[in-house]
Structure formats: C-alpha cells, structure tokens
1. Under the definition of Cα pairs under 8 Å and six or more residues apart, what whole-number percent is the relative contact order of the range 165-296?
2. Could you calculate the contour length gain from residue 350 to residue 430, that is, 0.36 nm times the residue separation minus the distance between their Cα atoms, to one decimal place in nm?
3. Taking 0.36 nm per residue of separation and subtracting the Cα-Cα distance, what length does fully extending residue 410 through residue 228 add?
4. Output ³J(HN,Hα) for the range 192-199: one whole-Hz value per residue in order, computed from phi by the Karplus curve 6.51 cos²θ - 1.76 cosθ + 1.60 with θ = phi - 60°, and x for Gly and Pro.
5. Could you tell me the center-to-center distance, by alpha carbons, between the range 284-333 and the range 547-571 in angstrom?
6. About the Cα centre of the range 454-569, how large is the charge dipole given +1 on each Lys and Arg Cβ and -1 on each Asp and Glu Cβ? Please answer in debye to the nearest 20.
7. For residue 211 and residue 82, what is the calculated FRET efficiency with R₀ set at 22 Å and r taken between the beta-carbons, to the nearest 0.05?
8. Taking the Cα centre of the range 242-334 as the origin, how large is its charge dipole in debye, to the nearest 20, when only Lys and Arg (+1) and Asp and Glu (-1) carry charge on their Cβ atoms?
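Coordinate-derived values only; no laboratory data. Predicted model, so just to flag it, every value in this text is computed and none were measured. Glycine gets a Cβ as well: all are built from the backbone with ideal geometry, and neighbour counts include every protein chain shown.
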Amino acid sequence: MKKLILLLSLVLLVGLLAACGRNGDDVTDDTTQNEEQTQDGQNVQDDADTTPSDDEAATGFDSINWDEPASFSWWMISVPNDQWATMNDNPAIHYVQYRFNTTLDFQHPVAGTEADALAIMMGTGRYTNVMHLSTYQGNVPQLYYDGIIINIMDWLDYMPNLRHWLETDPEFARIALDDQGRKLTLASVADEYTPPWSGLVYRHDILETMTGGNVQFPSGYDVPTTIEDWEYMLPMFLEFFQAAGFADFAPLILPASPMGIFHFGELMNSFGAYYAAYVRDGVVYAGMLQPAMFDYISTMRDWFERGWIHQDFASRVGDMFFMPNPPLVFGGAAGSFFGMMMHLGDRLSMPDFGMYVDVRAMPSPRAEGITHRDMLSPSPYGGGGIGNAIYAGTEYIGRLLAVLDFFYSDDGGRLRSIGPSADQIPPGSDALARMGMPEGTHWFDENGNIVFHPYMETVGGPIEITAVNAIHVGGYHRLNFTNSMRTEEAFTAHGHWSVHWADSVVHELPSALSFTDEEAAILSTNSARIQDLTDQMIALFITGGAELNEDTWNDFLDQLRGLGAYENRDIQQAAFDRFQARTQ
C-alpha cells in the first residue's frame, strides 16, 4: 500500500511540475514578467522586490482588460468529496472562470501526501501562481524575504473588497496581518461562529443489540459523556465484533498520525491534555510536557491491552484524520472513531448485505475531576491563519488578485460558502446537473429567505457542501446561510462536538501568530526533531513496544526538553504576546 501511495505521489508530482513550469504563460496581458529564464527553464526571481510598478499601482482593478483570456496555476490540498477529484471540475470555480474570462488550473497531491508534495515542489523552485500553504512546514515570511511570494497589502488597488474588510473590521485586520502589518496569504473572514465539522462518533446500533435495547450509560446521559461511559461501551463493541466473526475490527480507531492522537485533541481533552502548545490565561504551555499527557497515554495503553483499540493502528500512517481506516469504517467493523456528517445516521448501512447501522455523534468524554473549563477549544481569535500565497513571478499579479477578490464580496462569499445559484451556472457547465441540481444549490423564496436544494447535505441530502463550494479559497465565509439551515441531526452533532467550548479557558494558539526569521528557524529545527521522537515513542508507549511508567515517561520528557521543547514554548509565548499587542 505504501509503495502504491508513493508511486501515485510521484506520478502526480511529475504532472504538477510540468504544469507549474508554465507559471501563467497563457496570460496575454502585456505586463512585463518579473522573472528571467535560466538555461534549464527554471523560473528565478530577479530580486526580492515584489511590489507593483508605479503604473500598476496607479491603475489597479479598473485597468484590467477582461476581454483577453488568462490562465493561472494553483497548488491546492486534496478536497475530499464523492463528486470530483480536482477543483477544475468544481461548479463554483466554473462560474468564476466564466465571469472573469480566466482559467484557474488546480493541481492536487494525493490525499495524505500534501506536506511532502508541497515540500518537493518548493524545493524545485518551480512554483504555481497560487500556493495553498496550510501544510507548509517552513517559515512563510521567509518565502517573502526570498522574493517567492508577495505582500498582498502592496496590491490592494486590485482588491477593493478585501480592502473594505481590512479597513472596516479591526478584528479581521488583526488576525489577517502579521506583526509587521503584512498580508502574505489570502485567508478567510467569517460573519458568524464556525460550528465544528467533525468529531467523535459511535455505533449506537451495536449497543442496542448488546443490551437488548436497554443502553444505560453510567453517567445517566443518553450519549457517552465520561471515560466511565466509554469503558462501559468499548467492551461491548469488542464482544460484538468477536461474536460476529469479524477478522479485522476496531472497538476504537485511534489515528496513527499524528502520534496516536486525534487531530483536534478530542480524546486527550478527556484528561485536560493536548499534544501541541496551548494557551491558558495568557500563558503558553508545552502540551506534551504536562502531567495530563501521561494520564492520557496510560489510559490508551490500558485500552490497547484490553483489545479496545485497533491492534494495527500504528501502521495506518497514510490515513487522513477525517477519514480513518476506511475499510473498517465503511465495512461496519468500527465501533467508535473520528467522523463527519457523512458518517452519521444510517449512511453507512449496506441493505444489500443486511447491515443497518446507527452512527451518532458524541462529545469528548470527561475523566474524573475534569470539567469543560479544562478542555481544549479553538482559538477565540477567529480565522485568518495560513491560506493561499501568490507567487511573485506570476506574469500579471494584479489580474489574478482581482479575480480572487471576488470571493471577498457578498455574492462571491455566497458562492464560496454554499455553491452556485441558478444565475451562477455558466453556459457549458454541467457539474451541478450531473449532481441532480440543475436549479443550483440554493435559491431565495418570495420573502428573501434562502432555500437549499433538497439534495444538499446542509438539509439532509447526499451532496457534500465541499463538492459545490470553494471553501479552501480565501474569502468571505457566509456562515449565516449554512448555520441557519442546519438539520436537527447537524445541530445535535455540532452541539456534542462543541459542548465544552463556551466554558473552556484552554485554547489553541492563534493561527495568525508570526515569527522572526531566527524564531522560525529554531522552531523548525526543534519541532522536526520533537515530532520524530514523539511519533516513535507515543506509538510504542501505547502498543507496549516501550515500557511505560513514571520513570520511563520522565526520561522521554527529558529528551523532549533536550530537543528544545521549552525553547519552542518561549518563542511561542513571545509571538503570542506580540499578537495580543496588535489590539492595543
């Protein structure tokens, strides 16, 4: 399997590099290209000056000749859905391309290889015009210093909608700009709270079978809410799968990457633990060094020895965190796992094989003595973060930014968030028709209220919203539409997955932190070594490959300190302090 993934990655990379080599060569505007060709054809920046010329800055958006076609390449992470494999087939993108007479040529890595594929592309120096940097493991500001990406603030004459947000929404400006007032990537601005799109789920139907319809969690709640509830539930999953004769099964699927933990800390939350740095009362903590992490790992070791955790979980390093061990999940052989709306209810049933399931959402369980205040929640500082960067060698940056600015408008934000309405389906595009929605994903009734197509996942239909929107493109995230139309199932699931957020005083670090060159270099070096050690040792501690007691755990923590865990924490604290000072 690993060989197959590697082969697919290499094949895709060859195609990606071939596409990247164009770097917008199809653009026909007469702007002088800010790059030179070496003998081997590789694009090289003349210098680090990525600001527009005086003529470009003076004319801006109104100077663009939209009658001339243009084409730009775009490196984008994989976007999982059942309707298409590339955003070149995305109906929202079709409309933007038609409206602006501009082709956006997306290149995607194989799912699960995003970080490695991006690193390889960056190492070649053959960049796409737009680069989604959410999986970039280097220092984004260094890309600017090296003349690889632009400071978007220098080009706002081409982006009137983005300029409006920056000038009228101080909170957005605070998270969108770095400590030096630069904007190096196009991230998002939302109009409402973002509900969680994923979380812990379990097979309630198995518990009904094993108890004769008399499921009674020790906590007294109707869903598993405490660690005691889980220790009531997991052995029933084990007994069910063994009695049914499953050759491979998992009462609990624990992710192999990263490090035998859930991506957003769901199960670690039960113990007040988190693997990465977090903030509590303005103080940054190194999560792996806190005592609660030992409690979590010790419990996972115990559950593994009891057979409650998939015995081969550590080998599943290629699984995406939101799509754990698909053979077990979709084969009916998983009792609890990290899931999404697409897993809930009877969606995983296989009537042709006589399998009917009932998957339900559940909150992060609480260990004894842990309250919602102690459980990690998202940063209260909203969005921003790392999004799409613009290659400085692009032939006509202004036109590209003008196209992307549409996503910061009201109509563009609606398209980006919930897909095209009927008037946003261009001639020749059958993407929505093939999904059974030729009328568009939504429309408005006589009172101006939005109505979603019944096929949309938002109202209980089969079509995932990620198949029709352009959410990974930076812009205005119009959550007022989707939040108001959540189904009862979605409302219940979101409530379980975020039940502790309101009371929590433990938060992730803001994604909008920025670091100096020296800080970024230290973080990069230290973090790589820390990651290698933790990836190895956490799996060994859980599976029994390494002895686990207070002495061996303290030896492990000493190694982390020696690799710079405290140094990283101090750097992150300084960056957090600077971030907070932006509000002064």
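1. Values: 93 pairs, mean separation 14.9, N = 132.
It rounds to 11 percent for the range 165-296.
2. Working: separation 80, 0.36 × 80 = 28.80 nm, distance 2.99 nm.
Full-extension gain reported as 25.8 nm.
3. Residue separation times 0.36 nm, minus the Cα-Cα distance, leaves 60.7 nm.
4. 8, 4, 8, x, x, 9, 7, x
5. 21
6. For the range 454-569, the charge dipole is close to 560 debye.
7. Values: r = 34 Å, r/R0 = 1.55.
Computed FRET efficiency for residue 211 and residue 82: 0.05.
8. On the way: 4 positive and 8 negative charges, 11 e Å.
For this selection, approximately 60 debye.
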